[in-house]
Amino acid sequence: MGLLFSRLWSYFTHEEHKLVIIGLDNAGKTTILYQFLMEEVVHTSPTLGSNVEEVVWKNIHFVMWDIGGQESIRQGWQTYYANTEFIILVVDSTDRERIGISKEELWKMLAHEDLRKAGVLIYANKQDVKDCMTAAQISKELNLTAIKKHKWQIQACCALTGEGLYQGLEWIVSQLKSR
Ligand code: G3D
Ligand code: MG
């Protein structure tokens, strides 16, 4: 992960780039962020009072929020969309009940004017859990093949061990390179 991050960093050094990490509460966003930043798993707790956290690390600006809050609160989240280059949607692959909410939110974002140039990386997280949905199943549930105007990629991962996170970031790096 260290090597990856230094490589990613080399693409990010001269300008500030913005990645937005979103997903339902409990999807694994905070665990993923800390894997990126610290290369170790930390204990996370649901953010109370605020649905938004911001971290700036070496010119990479991470904005992270939980979706699934009340509609009235969500309106304000749109102010975080400006200049976002990549959205990272984290899906809990064990959460079959709420996959529909993730889909709804994904498609709402894709329709948003400020995100029209953003790429989308979907992490199918918690792949270590037995009987979880596969990346292919999640892809189908989210109807990813219908995305035509955005670059997208789905990546199976386990945030606890970091497995798969590397490949997801590699995709982002490749997208930046091909610009
Ligand atoms: P959030 O920031 O999206 O709300 P968190 O999610 O990062 O706080 O993670 C929620 C819970 O899921 C945490 O468990 C965390 O350890 C767990 N988790 C995150 N990623 C994985 C994974 O890949 N596999 C498994 N099995 N669990 C994961 P706790 O028990 O601390 O609430
Ligand atoms: Mg969190």
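The values are calculated or read from the model by the stated rules, or taken from the named source; none is laboratory data. Since the model is a prediction, treat every value here as computed from it, not as a measurement. With ideal geometry, Cβ positions are generated from the backbone for all residues, glycine too; neighbour counts draw on all protein chains shown. The accessibility values were calculated without ligands, DNA or RNA, using every heavy atom of the protein model including side chains. Shrake-Rupley method; radii C 1.70, N 1.55, O 1.52, S 1.80 Å.
Structural remarks
- Sole exception among (1) under 24 Å from Tyr34 (Cα atoms); (2) open to solvent by 10 Å² or more (accessible area, probe 1.4 Å); (3) within 17 Å of the chain's Cα centre (by Cα); (4) of a type outside the set (Val, Ile, Thr) for Cys132, by number: (3)
- Residue ID - farthest from Leu160 (Cα to Cα), chosen from residues in region 66-101 that are modelled with pLDDT of 95 or more and in a helix (DSSP H, G or I): Gly100
- Residues located in region 150-179, provided they are among the polar types (S, T, N, Q) and more than 11 Å from Gln35 (Cβ to Cβ): Gln153, Gln155, Gln167, Ser174, Gln175, Ser178
- Where a residue in region 18-39 is under 14 Å from Gly162 (Cβ atoms) and charged (D, E, K, R) and its partner, wherever it lies, is near ligand 2 (Cβ under 8 Å from one of its atoms) and at pLDDT 80 or above, with Cβ under 7 Å and at least six apart: none
- Residue satisfying all of: in region 75-115; open to solvent by less than 60 Å² (accessible area, probe 1.4 Å) and of a type in the set (Asp, Glu); nearest to Gly28 (Cα to Cα) among these: Asp92
- Where Thr145 falls short, out of the listed (1) part of a strand (DSSP E or B); (2) loosely packed, with under 13 Cβ neighbours inside 10 Å; (3) of a type in the set (Val, Ile, Thr): (1)
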